[in-house]
Structures are given as structure tokens and as C-alpha cells.
1. For the stretch 561-578 and the stretch 331-379, compute the distance between their C-alpha centroids and round to whole Å.
2. Taking the Cβ of Lys624 as the center, what net charge do the other residues with Cβ under 11 Å away carry, scoring Lys and Arg +1 and Asp and Glu -1?
3. Whole angstrom only: what separates the Cα centroid of the stretch 153-210 from the Cα centroid of the stretch 26-96?
4. Give a residue-ordered list of calculated ³J(HN,Hα) values for the stretch 58-67 (Karplus: 6.51 cos²θ - 1.76 cosθ + 1.60, θ = phi - 60°; whole Hz; x for Gly, Pro).
5. So what's the angle, to the nearest 10 degrees on a 0 to 90 scale, between helix 482-492 and the longest Cα principal axis of the chain?
6. Using only the alpha-carbon atoms, how far is helix 222-234 inclined from the longest principal axis of the chain? Give it as 0 to 90 degrees, nearest 10.
7. Obtain the nm distance between the two label points defined at Val439 and Met315 by a simple spin-label model: each point lies 7 Å from its Cα along the Cα-to-C-beta direction.
8. Along the Cα-to-C-beta direction of Val115, a point sits 7 Å from the Cα; which residues of the stretch 218-233 have their amide N less than 13 Å from that point?
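Taken together, the values in this text are just the output of simple stated rules run on the coordinates, not laboratory data. Computed from a predicted structure; not experimentally measured. Every residue, glycine as well, gets a Cβ built from its backbone with ideal geometry; the counts of neighbours run over all protein chains shown.
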Amino acid sequence: MINTELIKPKSIVVIGASESLKKPGGKVLYNILQGKYKGKIYAVNPKESEVQGVKCLKPEDIPKVELAVISVAVQFVKGYIEFLAKEKGTKAFIVLSAGFGEMGEEGKKLEKEIVAVCSKYKASLIGPNCIGVMTTHYNGIFAGPIPKLDPEGCDFVSGSGATAAFIIEKGIPAGLTFASLYSVGNSAQIGVEDVLKYWDESFDEKKSPKIKLLYMENINKPDLLLKHASSLINKGCRIAAIKSGSSDAGSRAASSHTGALATPDKAVEALFNKAGIIRCHGREDLIYTAGVLMQKELRGKNIAVITHAGGPGVMLTDALSNGGLSVPKIEGKYANELLEKLFPGSSVANPIDFIATGNAEQLGIIIDYVNDKFKEIDGMVVIFGSPGLGEIYDVYKVLDEKMKKTKKPIYPLLPSIVSAGQEVEYFKSLGNVYFSDEVNLGRAIVNVVNTPKPYTEFKEVRVDKKKIRAIISKAKNGYLEPEQVADILDAAGIQRVSEFVSAKKAEVVRKAKEFGFPLVMKVVGPVHKSDVGGIALGLKTEKEIEKTFERMTKIEGYKGVMIQPMISGKEFFAGVNHEGKFGHSILCGLGGIFIEVFKDTASNLAPFGSDKALEMIRSLKSYKIIKGVRGQKGIDEKKFADIIARLSSLTQAAPEIMEMDINPLLGNEKDLVAVDARIRLEK
């Protein structure tokens with residue numbers, strides 16, 4: 001829990017305060033003092049009588065104090081917390097000390113003990129093993145530079161103290177400002193998700209910062225993240241986040257196609273998309289994205305690139321176009337008017353190039369035309385560095401004035417950070433963020449525009465939950481029998497091909513005659529049937545049925561055979577994989593062998609409806625095959641979406657499903673039928 005004493009304490013004690021700025025206890029005290037903290041400040045250091053002008057007190061002499069910042073050896077931390085909480089009424093603790101859960105079992109035990117003490121006295125705990133907390137009320141951190149604290153800046157929470165410091169150090173030169181920083185360290189009591197919860201529950205539309213930045217190495221409470229991130233975004237905030245540790249090098253070996261394709265990082269991607277969080281992949285990416293979010297909101301995909309340098313304009317155009325945004329050609333009456341106001345050699349086709357000799361007056365005219373005359377344009381990027389022909393303060397003054405007045409967003413790209421360094425600093429001093437690299441800026445704009453809005457309201461497709469629960473309750477852990485799989489597909493409303501399972505040859509032959517030829521025979525028992533020769537297609541006679549039956553009885557793991565009518569169509573797949581705390585991930589894509597060769601899949605976290613399922617299908621690279629290409633007919637994409645949505649509903653009725661494959665789904669323009677499926681349970 002986050003309380004008032006942590007956010008704006010009236011009194012602070014630094015336990016382990018030091019004269020040395022090379023020690024965390026010394027640096028944090030220094031930062032608090034330099035930040036002109038208005039409350040009462042106390043220090044504890046048994047070896048000193050005074051530290052940095054603050055009198056050192058014995059613990060028993062400390063008056064009632066709201067917040068304690070602790071930087072002492074790990075073995076003394078619990079004692080101080082217990083004493084301060086019980087005797088001094090302290091309700092908030094920031095533990096900078098390391099040596100807890102990150103060091104092993106003994107540390108984890110001690111970490112739980114200090115959490116228990118804080119919980120007992122209803123106190124907030126940040127850390128341990130963190131760099132601290134910084135709000136507009138106090139600078140309670142020891143590492144990194146202290147940024148300009150601005151109530152309208154970014155709220156920032158990080159699971160890594162060092163990374164938080166590096167991100168701030170990257171953001172300050174770009175003009176980024178911060179309203180708060182929470183370094184949660186080991187997240188013993190309060191983690192990234194809990195800070196997000198506090199931001200949501202304390203949100204004030206008029207006063208609260210609208211931009212939230214997150215750095216996460218673990219997502220321990222995905223439901224909490226989804227709930228409060230989507231809530232904040234629906235209130236008008238924007239959230240950008242880095243989730244590191246995305247490689248699948250250490251992921252488990254999965255027994256199903258879906259399990260192999262559903263990597264943990266795909267679950268993170270799906271969670272962020274569902275919540276509306278803009279995902280970033282590095283410090284530079286996060287800073288550029290935050291800078292984009294600090295401009296007016298872009299309400300479309302058509303961008304004007306205004307430049308006096310051809311190359312950067314071209315590279316920016318490529319980055320925008322490759323991400324699905326448009327740099328449309330500008331022409332007509334107003335374009336001709338604008339061209340007449342520029343120097344010979346200029347171009348207004350878009351990029352609008354007003355050449356190296358272009359001046360501040362011309363820039364102002366161009367921006368006015370883009371904002372007022374070119375109705376098809378939604379936003380603009382202005383690229384202006386030093387052409388080496390004199391100072392450019394006047395250009396940046398005009399740019400600042402226009403950024404404040406225009407309805408459309410303007411992204412200032414100022415590449416001359418050395419030759420026009422003083423002018424760039426002047427532009428920043430006017431309260432602006434700027435960008436220096438056109439490709440990084442283009443990618444950030446694309447990422448912001450392409451991140452979907454939160455997805456929390458939908459119409460769930462109905463399935464027969466009562467029948468599904470009856471099947472699950474009788475089933476054992478592991479892979480279900482074919483009859484049970486068939487029953488679950490029926491209860492979920494997923495059309496399947498007729499089938500018959502038996503270990504008796506005579507019964508199989510009899511049923512084959514009823515089905516009619518050609519037929520498919522599959523071995524029952526082995527998971528990967530094709531790998532062991534357990535699938536036979538196009539069986540046309542009784543003799544072929546008998547011969548194939550005999551062959552399959554010799555396959556290791558044989559339990560029987562399944563026969564089905566041979567049907568044709570394009571092959572697709574849909575599947576389920578349980579992703580631990582994230583819940584169930586639903587995947588779809590091309591089926592058959594293509595699932596492993598192309599790995600062209602789309603995924604989403606359940607629950608969701610047919611609308612989101614349709615988005616998944618349309619995001620596939622193979623979507624043209626689904627629609628029909630080169631004279632070949634496609635399949636009914638709405639039926640495909642219905643099956644995917646039914647799998648989502650199935651996981652809500654049967655959360656015990658760990659893995660499920662429907663592969664292939666055979667489809668044509670009229671039907672989409674499940675031919676083979678398997679389900680693994682873990683109760």
C-alpha cells in the first residue's frame with residue numbers, strides 16, 4: 001500500500017546518514033537537503049554527532065517521524081523498522097540496503113519478516129535494494145542525476161534502480177521532465193503494479209501527470225496491471241513501458257505446437273496490447289516515446305515532414321511509411337501558393353523541403369499552411385539543424401511559438417546538438433522536449449499510433465459450461481482421450497469431422513464402410529502422430545484399412561486407431577496455452593506443417609470476443625490466403641474468428657486446460673471443420 005507519509009512526508013529520518021557522498025546514506029541526505037525539503041529532517045549515525053549540518057540523534061531521541069530512509073547493514077534493518085514503527089509511529093519506509101531476497105534464501109526470509117512488521121503497523125515499504133523515491137515534495141534517492149521535478153512531467157516507476165538512473169540521465173538532455181520516481185527494488189511489499197494502482201486510485205484529472213513510464217523485469221500481478229493501466233488510459237493517460245527479459249532461451253519444452261509457439265514474451269505483448277500500454281524495447285525507445293507523448297495527440301496517420309535537409313527527411317519518411325503511417329503527396333491551390341513563398345529550389349510535395357537557406361519566417365509560414373490549409377495532414381515533424389550559416393535562435397523561437405499555438409502536433413527534430421548546441425539549450429529552456437534522430441523518432445510515433453486502446457469490454461461467445469465442467473470433472477491429468485476431446489469440441493460449439501475410435505480391427509472396418517471412402521486413419525496414443533508414421537491419408541479400400549490398422553498396432557504407445565472421412569480444404573490451426581499468472585493465451589495461424597515452418601501466428605490473452613479474434617486473423621502475414629489470392633477462394637474468416645473466440649470462452653469454463661491444439665482446421669468458403677485436436681489438462 002502507498003500512503004500519504006510516503007508521498008509527502010512532514011518529517012524524514014535518514015538511518016545510516018553519512019558525511020560521505022560516496023555512501024548511499026550520505027548521498028540521499030544530500031539530495032533531500034539540496035531539494036529544499038520543507039519538512040523536518042533527522043539523521044542517525046552512532047559514529048557522528050553531526051552530518052551535513054544535521055544533528056545526529058540516538059534512535060530513542062528521534063521524535064515522531066513519518067518517513068524513514070534506511071541505509072545500514074542488512075542485519076540491522078528489521079530492528080530499526082520495528083522500533084520506528086512501534087515507538088515513533090513511522091508509517092513509511094524506504095530501504096536502500098541490499099542483501100535481502102536477491103542474495104538467497106536467508107535474505108528472502110529476512111525480507112518477509114520486514115514486510116510482516118510493516119503490514120502489522122500498516123506502513124508502506126519501498127525496497128529493499130532500491131535507490132529510493134522522489135516526488136515533488138522530496139528527493140529521496142541516492143543514485144543518478146536529479147531531474148527537474150514538474151507536476152506536469154512524467155510519473156516513472158522502475159524495478160531496477162540503476163536502470164531508472166540511466167533512463168533519467170538519458171531523458172534530462174532531451175528536455176524530459178519528471179513528476180515522480182519510484183524505484184521498487186525487490187518489490188517486497190510494493191511493486192510496479194502497486195504503484196500503478198496508486199496512480200489510478202489517486203488520479204485527479206486536473207492535477208495528476210498524464211504520462212506514466214514503467215520499467216519491468218517481472219510482471220507478478222498481470223491482472224492488477226491490466227485493470228489499472230487500462231483504467232488510467234481510459235481516464236486520459238498514456239503509458240509506455242519496457243519489459244526486459246523477453247528472450248525465450250530459458251523457456252520450457254512444450255509438447256504441443258501451441259505450447260512451442262506461445263512464448264512468455266508473446267504473453268507480455270498480448271497483455272500490453274490488451275491494456276493499451278505502448279511497449280518499448282530500450283532506454284532510447286522509452287525516452288523518444290515519452291517525448292512523443294508530451295506533444296499534442298496525433299489524431300490520424302498522415303504526417304507532413306518539414307525539413308531543410310533532404311537525407312533526414314527521406315529516412316524519417318521511410319520509418320513512418322514502414323510502420324503504416326503516411327507521408328501523403330501535397331498538391332493543389334494551397335501547395336502552389338506556399339511554393340511561391342519559398343526560395344527557388346524548394347519543394348512542397350511532402351517532404352516539404354525549404355532548402356539550407358530557409359529561414360525562420362518561411363518555417364512559420366509552412367507550419368501555418370500545414371496546420372490551417374492542408375486539411376488532410378494530421379501532424380508534422382520539423383527537421384531543422386544548423387546549416388552552418390549563422391545562429392538559428394530565431395528559427396527555434398518561431399518553432400516554440402507555433403508548437404504552443406497549432407492544433408496539430410509538431411515534433412521538433414533538432415539534429416545539430418554540437419554545432420547548434422546553445423540554440424538547442426535555448427529551445428529546451430522554453431519548456432520543450434526535442435528529438436535528435438529521425439529514425440528513432442519515426443519509430444516512436446509509429447509505436448504510439450499503432451498501440452491499440454484498452455480492450456476490457458466485449459461480448460463473450462457462449463459455450464455449454466455445464467457440459468464442459470462435467471467432462472473436466474471426470475477427466476484425469478494429462479492428454480484427454482479422443483472421445484473426451486470430441487465431447488469438449490461439441491460443448492464449445494466447434495464443428496468437427498466425424499470420427500470413430502477403436503482398438504478392434506473388425507469394428508474399424510465396419511465403421512469404414514458406413515463412412516464411405518476415402519478415409520483417414522490416425523494412431524491413438526502418441527502425441528506427435530506424423531513423427532511416428534501414425535497418419536495415413538486417402539485410404540480407399542477395406543484391404544488398405546486392414547493393412548494400415550495392422551501397421552499402426554506396432555507403433556510405440558499405440559492404444560487404438562481413429563478413422564475419419566477424408567475432407568479437403570486449406571489448413572489452419574487454433575490453440576490454447578496456459579501462461580502461468582497471465583492466464584490463457586489463444587493462438588491462430590496457418591495449419592499443418594506451415595505452423596512450424598513459417599510460425600506466422602497471432603495471439604491474445606483470454607478472455608475476448610469475436611471482434612478481437614477477427615483482429616488476430618487480419619494481423620496474420622498469411623491473411624491474403626484466408627481472403628483468397630490468385631484466383632483461389634479463401635475461407636469464411638468470421639467462422640474462423642468464432643472458433644478462436646470459442647476457445648477463449650472454453651478456457652474460462654475450463655481453466656485446467658494447459659495446452660490445446662486444433663490442427664488442422666480444414667476450411668473453404670463455406671465451412672471450417674476441426675480435423676484433429678488434443679487437449680492437456682492439469683488440475
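1. 58 Å
2. Details: positive: Arg618, Lys621, Lys627, Arg630; negative: none.
Overall, the nearby charge balance is +4.
3. 23 Å
4. So the Karplus estimates, Gly and Pro as x, are 6, x, 5, 8, 5, x, 4, 9, 7, 10 Hz.
5. 60 degrees
6. Around 60 degrees separate the two axes.
7. Here the modelled spin labels are 0.6 nm apart.
8. Those under the cut-off are 220-221.
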